[in-house]
Each structure stands twice: as structure tokens, then as C-alpha cells.
Amino acid sequence: MKIFTTSLVRQLDQYTIGHEPIASIDLMERAADALYEKYLSTFSYQNPICIFAGPGNNGGDALALAKMLLHTSLEVKVVLVHTGKLSNDCETNRQRLLEKYPDSLLELTSAFIVPEITNDTIIVDGLFGSGLSRPLTDIYADAVKWINDRGCTVMSIDIPSGLHCEKNLPLAPPDERIGINCGEQEIAIIKADFTFSFQFPKLAFLFPENAEFVGNWEVLDISIHPEAIASAYTNFFYLTKADIAPILKKRPRFSHKGTFGHALIVAGSNGMGGASVLSSKAALRSGAGLVTVHGPECNRTIVQSAVPEVIFQTDVNRHFSTKIPSSSDSFNSIAIGPGIGVEEQTVRMLIHFLKSTHKPCILDADALNIIGQHRNLLEIIPQNSILTPHPKEFERMFGTFTNSYDRAIAARDAALKLRIFIILKGAYTIIATPDCKLYFNSTGNSGMATAGSGDVLTGILAGLLAQGYTPEETAKLGVFVHGYAGDLALKTESEESLIAGDIICNLGETFKSIKSSEQPSLR
């Protein structure tokens, strides 16, 4: 799914208006229809409603929704906040509301007057939408503060009022983050419990700094012209099952273990045998035909007892890895890093490997920590390799950042410069590609923030790359599958109890589910 900037969304709206064709007010009615259906399926009919509308088209959406809810005989109060000038479509919907329900509308134009509502009221925020370009002040800021302080359930239309669509700081002074105090005045942003976005997610939804404002979000289809969506260019994408299913390869009936590749995973050290177990088992469960683990002798019994299907290649050192055999080039994929430590001999091993190989590899965990200590190694990473840092590992390699947006853009720039893929792990794990694109993953949950989860991802990636998936396909499919398996694990576990092994146990159901979205083939 494409994610568009505010300016591009406006162009898509105009294309739809011109080529469907449809009047702008009717497109607004279409959006209100989607909001109406979503409201009725989300909230109880028993709750009173207070709708706040602003002067622009977001306010017009809110007024159109108000008319529909009033027609359903729900208890609705409407507060229109403006300073004298309304957009054309907002004015049209204001007149329509007054014609049918003249007593429902309270207009505030100079000072905020507190409406009388009960604690079980659902507040609908339609003050400002995606076109906002500056912080809210005066009567609008007063309205936002009152809504946030009231303690009622809040539903925002398209985007919480006051939040910028693209990133988390342009509404604030350059040295401040959105949502915190700037000088003596707090930036006014609605703290929504639910946000229903039109047609596309907003980029801002995907950054942790904005979680307290966005709440639970969902995209509503309002039938923007498909040709406009298909032809419009963007660097930002949101990975869904529909994007991933076509990537998954069919496994030939006449095949053998060699068909699906041989993965080498350099993992483990004294006390870190579990990293070898988790990554190698995940590689096998992801479809690799053969998996070899290279590690110290102290881990051999652990790995071969826990994963008897794995080949164990013993290092010359008993406690940590010091030398990857020269035969490593014969493997279809190589992953290095889980639990290997940062001993001096291990550092030399990684440096020698990076200097001697030209094949794309997967670098994780301690391999990234070593690179963070020796940043010159970034320049010799083979092109099309996959790096899987969490934010702190990323910053050790590329510097510190004050917000997640800047970190994401830095990942994009680094992937472009080094011609590699960077998987920046988080709630919406980001894949930065060498062609300057950012893909945000839609799967995963907070239960996956647990020891070994990253080792599992590394194993999945190694297993996929061994099977002949391209590095880009490997990154997209691997991240999606990893999160999906974590989501399936919540059917039997809680976010508190989920462990890395549960992700591996659900890989089979994950692949089945992805395949189920394919059209059946004729035989």
C-alpha cells in the first residue's frame, strides 16, 4: 500500500473529482458515509455524541457525519469552531445541517465555551485535517485542551487535529519534538483513542512519538480513483498481506533439499547458545533445505540436541568464533551476528570476512555492534546485504537522532549510499532500500519485544535468502512473516507471556495464511 504526502493526497482528490467525475462536496459525502458506517460498527448506539468541526474540509466531513448520525436519531451535539471563514464545502454542509437540524449546532467564533456533555459522551474530532501547516492557537488550542482534559473517548477524522501528516516536528520549533512543551505553551494536539484515516495511512501514524495522539488507527476506503493511485509516485509504503502474497514462491513437486538452498549462520558464544538455536530453527522453519551453524565447541551439544536437523561446524576456539572457513562462499546465504560477542578475535573474523566476500550477507546483533565500533567497515559491506539493527544499534553505526522520522530518513540515505538494505526494527519495522524507498511493516505486536526475537528474524532472513529470494524480497517477506507469526502467537499467548520460540512455532500457520490469499490454480 502506498503512503502519500499531504500535497499528493490533494492531487489524488482533484484527479478523482475531475476524472470520475464527482463534485468535491459529493466526495466529502462519500467520506462521511465511510465514517458513519465505521462509527456505528465501533461505538454503542447508547452513547451521546459531541462533534467538533473546524473551518476547513475536515470540518465539512464532521458536519456531514453529524447530519447522518442525527438522521439515525442518535443524541448528537455539534460544535463548529471557526473565526469567520469556512471552506466552500464546509459552508455547504453547515447550511444543510441548519436546514434539517437547526437546534443541533453551536458556533464558537471568538472564545471557547464549554459544551455540556456527560462522561460517556463520544467526542468526534473534526477540527483540522491533513492540510494543517502551523500549530493550533487561541480558540482552537482551547478546544483541543478541553477535549484532552475531558477524559471522554475521542474519535478523530482522518488525523488528530494539530498533528502533522508527514513527521513529528514541523509544527514545533526546530529544536523541539511535537507533543511536548515549547517554551511556556504546550503544543495543542488531540489525543485520540481512535483515528479513521481516509484511503491511506498517514506517515505520522507510524512513529512512536505520535502513538499517544493517534490511538488505534484504521484506513477507510473512500474510492479515490485507482488510476491516480497507481500512477502517483511515492517513496513510502505500508506492507500488507496483499503486497506480500505475490512474493511467496511455489515449491516444485520435483524438488529436494538442495533445491531450497544451504544457509550458514555464524552465531553463539559461551552462554549464548540460545541465539544459535533460535536463528537456525527459524531458518529451517522458513524453508531452507539445509542449515549449518558455525560456532564454538561449547555450543555444539546445545545446538545439536535442540535442533538435530542442523549441521554444526565447530570453530577452532572453544568459547567464541574466530574464523569463518573459506568454503563459506559455497553457501546460498550467510548470516552473522546473533550472540557472537565482540572479542578481539571475533572482530578480526568479521573484518576478514567483509573484506574477502562479495556476496550479499545478513548482519545482525554483535556484527552490528562491531561495525558500530569500527564505522569504516560500513564501506566494505557487500552490496545488497541486509542489516537488521534496532534503533540503538543503528545509532552506533550512523549517529544519534532526536526523533524517529529523522532516523528513518537517515536509514533511507544510508541504504542509498551503501547500496544495502537496512531493516530498522520497531513497532512498524522499516525496510530502507538502495533505491531510496521506505517500507513500513504492518504486522507484529509488543509481545515480540522479548529476548531472541531478533535472532528469529535473522534466521528467517537466512532461510529465505538461501531459497533464492532476492535481498529485497527476503527483507519484505522476512519482516512481514516474522511479525505475522508473532501476531498468531497471541491466539494462545499474551503479550506478556510471548517468547521468541512462540514466533517460530507459528511460522507454519503464517505461510499457510499468506498462501490462502492466492487464487486457486487449475489442475
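Using 1/(1 + (r/R0)^6) with R0 = 41 angstrom and r between the beta carbons of SER231 and GLN345, what's the FRET efficiency to the nearest 0.05?
Values: r = 55 Å, r/R0 = 1.33.
Rounded to the nearest 0.05, the efficiency is 0.15.
Provide the FRET efficiency to the nearest 0.05 for the ASP406-CYS436 pair, computing r from the beta carbons and using R0 = 25 Å. Kindly include the intermediate steps, with their values, before the conclusion.
Numbers: r = 16 Å, r/R0 = 0.64.
Between ASP406 and CYS436 the formula returns 0.95.
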If LEU69, LEU220 are placed from fewest to most neighbouring beta carbons inside 10 Å, the sequence is LEU220, LEU69
Sketch the reach of a paramagnetic label on GLN46 as a point 7 Å from Cα along Cα-to-Cβ, and name the residues of the range 103-136 whose backbone nitrogen lies under 18 Å away.
118-123
So, by mean Cβ neighbours within 10 angstrom, what's the order for 457-464, 391-398 with the highest one leading?
457-464, 391-398
On average over all directions, what projected area in square nanometres does the range 2-234 have, based on the convex hull of its Cα atoms?
12.3 nm²
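Dipole size in debye (nearest 20) for the range 2-234 around its Cα centre, Lys and Arg Cβ +1, Asp and Glu Cβ -1?
I would put it at about 180 debye.
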For the range 243-516, treating each Cα as an identical point scatterer without solvent, what Debye log10 I(q)/I(0) comes out at q = 0.09 1/Å?
-0.36
Using just the alpha carbons, could you tell me how many Å³ per residue the convex hull of the range 183-324 encloses?
257 Å³
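If I take R0 = 45 Å and measure r between the Cβ atoms of TRP146 and ASP413 in this structure, what FRET efficiency does the formula 1/(1 + (r/R0)^6) give, to the nearest 0.05?
Details: r = 42 Å, r/R0 = 0.92.
That pair, TRP146 with ASP413, gives E of 0.60.
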Share antiparallel - DSSP beta bridges, the range 2-234, percent rounded to 5:
5 percent
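From the C-alpha gyration tensor of the chain, pull out the three semi-axes of the equivalent ellipsoid (sqrt of 5λ each), sorted largest to smallest, in whole Å.
On the way: eigenvalues 502, 111, 83 Å².
Computed over the chain, the values are 50, 24, 20 Å.
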Sequence order, the range 327-339: Karplus ³J(HN,Hα) from phi using 6.51 cos²θ - 1.76 cosθ + 1.60, θ = phi - 60°, Hz rounded, Gly and Pro as x, gives 6, 4, 5, 7, 7, 7, 8, 9, 10, 10, x, x, x
Taking 8 Å as the Cα distance limit and 6 or more residues as the minimum spacing, I'd like the relative contact order of the range 267-405 as a percentage.
19 percent
Zone reached by a paramagnetic label modelled 7 Å from LYS250 Cα along Cα→Cβ, restricted to the range 278-306 with backbone N below 20 Å, covers 287-288
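From the Cα gyration tensor of the range 327-429, with a ≥ b ≥ c the square roots of its eigenvalues, which class applies: rounded if a/c is under 1.5, or else prolate if a/b is larger than b/c, or else oblate? Numbers along the way, then the final one.
Working: a/c = 1.85, a/b = 1.52, b/c = 1.22.
Cα axes put the range 327-429 in the prolate bin.
Given charges of +1 on the Cβ of Lys and Arg and -1 on the Cβ of Asp and Glu, with all other atoms neutral, how large is the dipole of the range 105-156 about its Cα centre, in debye to the nearest 20? Please report the intermediate quantities before stating the final value.
Details: 3 positive and 7 negative charges, 38 e Å.
Dipole of the range 105-156, to the nearest 20 debye: 180 debye.
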Dipole of the chain [Lys/Arg +1, Asp/Glu -1 at C-beta], most positive-end residue of PRO201, LEU127, LEU490
LEU490
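Antiparallel as a % of all DSSP beta bridges within the range 349-471, to the nearest 5? Don't jump to the answer; show the numbers that get you there.
Working: 6 of 10 bridges.
So the antiparallel bridges in the range 349-471 amount to around 60 percent.
Restricting the count to DSSP beta bridges whose residues both fall in the range 243-516, what percent are antiparallel, rounded to a multiple of 5?
On the way: 6 of 25 bridges.
Percentage antiparallel, nearest 5: 25.
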Taking a ≥ b ≥ c as the square roots of the eigenvalues of the Cα gyration tensor, with a/c under 1.5 meaning rounded and otherwise prolate when a/b exceeds b/c and oblate if not, the range 298-361 is oblate
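In terms of the Cα gyration tensor, with a ≥ b ≥ c the square roots of its eigenvalues, is the range 441-507 rounded because a/c is under 1.5, prolate because a/b exceeds b/c, or oblate? Don't skip to the end; give the middle numbers.
Details: a/c = 2.38, a/b = 2.01, b/c = 1.18.
Prolate, because a/c is 1.5 or more and a/b exceeds b/c.
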Take the range 1-105, drop everything but the C-alpha atoms, weight them equally and run the Debye formula without solvent; then report log10 I(q)/I(0) at 0.15, 0.24 Å⁻¹ to two decimals.
-0.67, -1.31
Run lengths n ≥ 4 of DSSP H only: what is the helix-derived mean residue ellipticity at 222 nm for the chain, with -39500 (n - 2.57) per run over all residues, to the nearest 500?
-11500 deg cm²/dmol
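Taking neighbour Cβ counts within 10 Å as the exposure measure, how do PHE237, PHE194 sort from fewest upward? Write out the running numbers ahead of the final one.
Numbers: PHE237 18, PHE194 21.
The fewest-first ordering by Cβ neighbours comes to PHE237, PHE194.
In what sequence, highest mean first, do 199-206, 322-329 appear when ranked by Cβ atoms within 10 angstrom?
Numbers: 199-206: 23.6, 322-329: 14.1.
Averaged packing, sorted descending, gives the order 199-206, 322-329.
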Neighbour-count ranking [beta-carbon atoms within 10 angstrom, fewest first] of ILE430, ILE336
ILE430, ILE336
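Every number in this text was worked out from the coordinates using simple rules, so none of it is lab data. Computed from a prediction, not measured in an experiment: that's the story for all the values here. Note that we place each Cβ from the backbone using ideal geometry, even for glycine, and neighbour counts take in every protein chain shown.
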